[in-house]
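Data block below; observations after.
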Amino acid sequence: MARILGYIATSLDGFIATEDDSLDWLFAYDGLDLGQHDYRAFIKRMRTVVMGRSTYDFLSRDGSP
């Protein structure tokens, strides 16, 4: 049976994006190493990724791998 794991970054007040759908606040922490909780370590364990359309569109515009 497959396991479903989730990983999401939120601000302390529980928001994912600003009112204008910006994630700029999150990119201020790009170089931060979160050890075993780091997204890069998390994604290496995945075989399938499911994401929302807005996230896909953002990553597509951003040029992220």
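The values are calculated or read from the model by the stated rules, or taken from the named source; none is laboratory data. Because the structure is predicted, anything quoted here is derived from the model rather than measured. Don't worry about glycine lacking a Cβ; one is built from the backbone with ideal geometry, like all the others, and counts go over all protein chains shown.
Test Arg40 against the criterion of being assigned to a helix (DSSP H, G or I), modelled with pLDDT under 85, under 14 Å from the mean Cα position of the chain (by Cα) and charged (D, E, K, R), and give yes or no.
yes
Tell me yes or no: at least one residue of region 4-24 is in a loop (DSSP other than H, G, I, E, B) and touching a helix residue (DSSP H, G or I) at 6+ places or on another chain (Cβ under 6 Å). Yes, region 4-24 contains at least one residue that is in a loop (DSSP other than H, G, I, E, B) and touching a helix residue (DSSP H, G or I) at 6+ places or on another chain (Cβ under 6 Å). For first residues located in region 41-58 and under 15 Å from Ile4 (Cβ atoms), partners that are part of a loop (DSSP other than H, G, I, E, B) and not aliphatic (A, V, I, L, M) and lie 6+ apart or on another chain with Cβ distances below 7 Å form the pairs Phe42/Tyr7.
Scanning region 8-37 for residues that are at pLDDT 85 or above and surrounded by 10 or more Cβ atoms within 10 Å (Cβ to Cβ) turns up just one, Leu34.
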